[in-house]
């Protein structure tokens, strides 16, 4: 019996190593940089629009591309601010001390998973930028104290982060809840906004989100390598803040100067807090409690300011966060151009008619989910993804009288799943943790399979 168990364990390990090898090949040899992918996708969409778009012509295509490219800039800045404000919270000294305190209580790999999964999942549900940073930093702190496989631990934090597109900073849910937002395609088509109570807090979203965290925690505990195969944390790996700018006050500046005193004064922070809290109190008192993209950003801005205490500390945290936003700055305008082409040439409506032909009001959200799994591999940003997929799944939902919130969140929930095979969002995590991405993605392939089953089942079965 023992020999049979050992043989089975070896087979499982061989299978896992095969998955890792396949992912390494795909990510290193086949898939180019996400920005290059976005350019290639633009080429494909241009060809499809000219071939099948009912209103396609070269002048229409060029004008639509230009309009879409620049109409999305406001939304792009909002998404960048969500990441930056989340980073600033995780970067605050009190949060750093809390992470170290939690890590100090971990003594075994099982306890590490039990700590990492719920903490990172809650942080990611609140703000995807916060979840990314908390996951990477907490993994490092735990790995310094406990002998665990570091790739396994970082993969666990990234898996826990995957629920972010079902949370309060979900760009798809927030944009549909935000009046006048450039990507509120529902409002443009119907004149209505979709409140978060029908998306993020709906049972068909909330239940599978919790279930993914619980199930994957148990699976990761089971998957931890045997002691002889553990590759532990190495302090010589790149540090999270490698290359960070030194404190500007340490560069010979006079700490007693008027400028330095203003930078270190808490009065500026208190003034901004008073403005922000006053606005939220006034608005929620008159209109009732509601969240959209701007109020979400404002809340995280205020929390970060309060935790960082001084204006210069907050500014330094945002400067560090800005290093993670370069790829987003490049890609959002490209995806906006794709959205413009699809809408302006009529390609989106043509694809929508195809969906109408093969789907029913019940199955359309599932079709939306399945198509999103593929699109996410090419468009790793939920906002850019919605800019491309929204223009054809939403008209199909309206035509079939299918559930618009369920159809839209089918796109978002598939983002959670496919991100486990798409390395775009893992890049800042592994950069901060200081580890090669290929080893991490081998574990997250398991998360992909499990979360795919859970989210698809919930979309189909949960009311």
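Tabulated values for the structure
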| quantity | calculated |
| --- | --- |
| Fraction in percent of alpha-carbon pairs per bin - 5 Å, region 267-328 | 4, 16, 22, 21, 17, 11, 7, 2 |
| Square roots of 5 times each gyration tensor eigenvalue, C-alpha, region 68-169, largest first, Å | 29, 14, 10 |
| Computed P(r) (all Cα pairs; region 249-406; 10 Å bins; percent) | 9, 23, 22, 22, 15, 7, 2, 0 |
| Using a Förster distance of 51 Å, the FRET efficiency for residue 104-residue 70 (Cβ separation, nearest 0.05) | 0.55 |
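The numbers here are math on the coordinates, done by the rules we state, and not lab data. What you see is a predicted model, and the numbers here were worked out from it, not measured in a lab. Methodologically, a virtual Cβ is constructed for each residue, glycine included, from the backbone with ideal geometry; neighbour enumeration extends over all protein chains shown.
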